[in-house]
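Notes to accompany the following structure.
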Amino acid sequence: MVDSKIVLYGQTIAYTLYCLAIILVMGWFALKITRTGKGNPVRPGVFYSFVLFLALVGVSLHIITYNTIPWAKVDLNRGDYRPDRTFAITVANHAFHLPPEKMVAATGDLVLFDVRSDDLTYGFGLFRKDNSMVFQMQVVPGHRNDILWRFDKPGVYSIRSTEYSGPKGSDMVVENAFEVVGAEKSN
């Protein structure tokens, strides 16, 4: 899968440029309609052409970035994928209850995190050492809460709750909870 940092960086640049274009067009339009007696007013054809152009660019950005989102293909074709590793995790009373054995996967493994809440709605997020998020999902009691993810690089990750579940929820952090190792070390 594409690293979520790369996806975020690319989308930040694309959407920032798009928003700047919208702001500039709005500013140009506002300037033209508020100036009395100076210059020509904005012709409707020109204005609507810009609006159409921005709408087309916006829709195009969504279509282009759809294919860069790492989990989209896996989620849309869920039945075609079988996880290499599955980790069952429960959450209750503001604590993650992890499997007794250390959670380890090999690079290239497709990992299923199957998370169940016994009481409240929590978040389940996997974070890198630099505190940037790899992925997250909401964990709702009484519903299936799982995510498939393929890890391309070795690393050690922490688990954090990413959903407000009361004041105790801010303490829901498990450091070094999951490790991805080279393929030869995971067995």
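Annotations for the structure displayed:
- In the range 1-17, the residues that are among the hydroxyl-bearing types (Ser, Thr, Tyr) form Cβ pairs under 6 Å with partners that are at pLDDT 80 or above and surrounded by 13 or more Cβ atoms within 10 Å (Cβ to Cβ), at six or more places apart or across chains, as follows: Ser4/Val134.
- Only one entry in Val134, Val181, Val156 is touching a Leu at 6+ places or on another chain (Cβ under 7 Å) and either closer than 15 Å to Leu98 by Cα or aliphatic (A, V, I, L, M) (or both), namely Val134.
- Strands (runs of 3 or more DSSP E) fully within the range 80-187 that include at least 2 residues being not aliphatic (A, V, I, L, M): 85-92, 95-97, 110-117, 122-127, 133-139, 146-150, 155-160, 173-181.
- Checked against the criteria, Ser117 counts as buried (at least 16 other Cβ atoms within 10 Å of the Cβ), in the same structural domain as Ile159 (by TED's automatic domain parsing) and either under 26 Å from Gly166 (Cβ atoms) or without any contact (Cβ under 8 Å) to a residue 60 or more places away in the chain (or both).
- Residue within the range 153-162 that is free of Cβ contacts under 8 Å to residues at least 60 places away in the same chain and farther than 16 Å from Leu126 by Cβ present: no
- Count of the range 164-184 residues which are under 21 Å from Ala95 (Cβ atoms), of a type outside the set (A, V, I, L, M, F, W, C) and either touching a residue at least 60 places away in the same chain (Cβ under 8 Å) or touching a helix residue (DSSP H, G or I) at 6+ places or on another chain (Cβ under 7 Å) (or both): 6
- Positions within the range 74-111 being hydroxyl-bearing (Ser, Thr, Tyr) and under 22 Å from Gly155 (Cβ atoms), in sequence order: Tyr81, Thr86, Thr107
The values are calculated or read from the model by the stated rules, or taken from the named source; none is laboratory data. Keep in mind the model is a prediction, meaning the values are calculated, not measured. Methodologically, a virtual Cβ is constructed for each residue, glycine included, from the backbone with ideal geometry; neighbour enumeration extends over all protein chains shown.
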